[in-house]
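Beneath this line is the structure, given in structure tokens, with notes to follow.
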There are 2 protein chains.
Amino acid sequence: MITIYNRIHDTFGGEMMSIASDMIRGHTDTIILAHLMRNDSYGYEINKAIQTSTEGKYELKEATLYTAFRRLEQAGYIVSYWGDETTGARRRYYSITDLGRAFYEKNRAEWDEIRNMIDRLIEAD
Amino acid sequence: MITIYNRIHDTFGGEMMSIASDMIRGHTDTIILAHLMRNDSYGYEINKAIQTSTEGKYELKEATLYTAFRRLEQAGYIVSYWGDETTGARRRYYSITDLGRAFYEKNRAEWDEIRNMIDRLIEAD
DNA sequence: ATATATACCTCGCCTGTCAAGGTATTTTTT
DNA sequence: AAAAAATACCTTGACAGGCGAGGTATATAT
């Protein structure tokens with residue numbers, strides 16, 4: 001078993017940023033949108049869901065997560081609104097738009113192609 | 001059918017750099033090493049092989065390719081030597097090292113995990 | 001009282017990608 | 001014979017995503 005997350009990000013010596021990060025890159029948006037396809041949600045919950053779903057092998061860093069929200073909202077793929085919590089910390093909920101749904105479907109289809117492509121390309125035999 | 005490569009890289013307006021690029025990112029090194037696992041080769045040939053293997057759907061940009069060679073050589077995963085062509089343009093051949101082989105195997109194993117992980121994460125149902 | 005969990009956010013650096021530019025030789029087309 | 005395309009290499013500079021490190025505020029558990 002390989003733990004994907006928590007590769008060392010050593011600023012002093014050693015390589016910066018793990019391979020795993022770059023392997024996930026390009027899927028962040030789709031992963032978030034996949035969650036919003038099911039129901040509106042907020043950052044903290046989405047991240048927890050990812051961790052649970054991957055048995056702790058992967059988590060989005062907060063900075064990455066919130067950067068992605070800004071990017072997706074700017075692109076018109078999601079819209080946000082504040083929840084009306086009477087207790088606990090406030091939550092900013094996100095909702096996927098029709099544009100976002102289309103983008104999600106496109107990326108999902110693309111993934112099917114790319115997955116097979118990479119399978120073929122990294123074979124040594 | 002989706003053409004992975006040749007998404008527009010519009011510097012003026014529109015989104016910069018395509019999703020596809022980011023989906024491949026993190027596999028470039030492994031793809032190159034996979035080719036060198038079979039036999040020594042040189043940049044131009046490796047790139048042609050990738051294009052053929054993917055039916056033209058994907059190609060490494062030259063800048064990306066040569067950047068990767070520098071990176072891999074610096075890391076000790078490959079070594080290079082000039083071919084002794086008597087005709088045609090000179091070729092710089094690359095050879096994978098033991099360290100490179102180990103790195104390749106590690107990335108390959110990682111891919112198997114990550115592929116399944118992404119499959120699960122981008123499901124909407 | 002202190003620590004942990006929930007929940008949000010931004011700044012600035014790092015890294016891989018690649019457009020755009022270059023050089024030199026050989027083969028193919030006009 | 002001249003022009004174009006293919007082979008084959010290379011570097012520079014800008015860009016965008018990831019994320020460490022820092023921050024705020026409330027609620028619960030120790």
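The values are calculated or read from the model by the stated rules, or taken from the named source; none is laboratory data. Note that the structure is a prediction, hence the values are computed from the model and not measured. Reconstructed Cβ throughout: ideal geometry from the backbone, glycine too, with neighbour counts over all protein chains shown. These area figures cover heavy atoms from the full protein model, side chains too; ligands, DNA and RNA do not enter into them. Shrake-Rupley method; radii C 1.70, N 1.55, O 1.52, S 1.80 Å.
Of all the criteria given as (1) open to solvent by 70 Å² or more (accessible area, probe 1.4 Å); (2) touching a Leu at 6+ places or on another chain (Cβ under 8 Å), the one not satisfied by residue A:74 is (2). Which one is farthest from residue A:111 (Cα to Cα) among residues in the stretch B:47-89 that are among the β-branched types (Val, Ile, Thr) and in contact (Cβ under 8 Å) with a residue 40 or more places away in the chain? Per the criteria, the residue is B:78. Scanning the stretch B:60-77 for residues that are within 20 Å of residue B:37 (Cβ to Cβ) and among the aliphatic types (A, V, I, L, M) gives B:60, B:65, B:68, B:72, B:75. Candidates are the residues of the stretch B:78-91 that are away from DNA strand C (no atom under 12 Å from the Cβ) and closer than 19 Å to residue B:35 by Cβ; the one that is surrounded by the most Cβ atoms within 10 Å (Cβ to Cβ) is B:78. Please tell me if residue A:69 is within 14 Å of DNA strand D (Cβ to nearest atom), in a helix (DSSP H, G or I), under 26 Å from residue B:59 (Cβ atoms) and within 15 Å of the chain's Cα centre (by Cα). No: the conditions fail for residue A:69. At least 3 residues being at pLDDT 95 or above is the threshold, and among the helices (runs of 4 or more DSSP H) wholly inside the stretch A:1-58 those reaching it are A:28-38, A:43-53.
Taking every residue in the stretch B:90-111 that is at the interface with chain A (Cβ under 9 Å from one of its Cβ atoms) and pairing it with any residue that is part of a helix (DSSP H, G or I) and of a type in the set (Gly, Ala, Ser), at least 6 positions away or on another chain, the pairs with Cβ-Cβ distances below 9 Å are B:104/B:34; B:108/B:34; B:110/A:20.
For the stretch A:27-53, filtered to residues that are at the interface with another protein chain (Cβ under 8 Å from one of its Cβ atoms) and surrounded by fewer than 20 Cβ atoms within 10 Å (Cβ to Cβ), the residue that is farthest from DNA strand C (Cβ to nearest atom) is A:37. Restricting the stretch A:92-107 to residues that are of a type in the set (Lys, Arg) and assigned to a helix (DSSP H, G or I), the residue that is nearest to DNA strand C (Cβ to nearest atom) is A:106. In the stretch B:16-26, what residues are among the charged types (D, E, K, R) and either more than 12 Å from the chain's Cα centre (by Cα) or away from DNA strand C (no atom under 13 Å from the Cβ) (or both)? If the condition is that a residue be among the charged types (D, E, K, R) and either more than 12 Å from the chain's Cα centre (by Cα) or away from DNA strand C (no atom under 13 Å from the Cβ) (or both), then B:22 is the only one that fits. Given the condition within 14 Å of chain A (Cβ to nearest Cβ) and farther than 21 Å from residue B:25 by Cβ, answer yes or no: does some residue in the stretch B:59-71 qualify? No.
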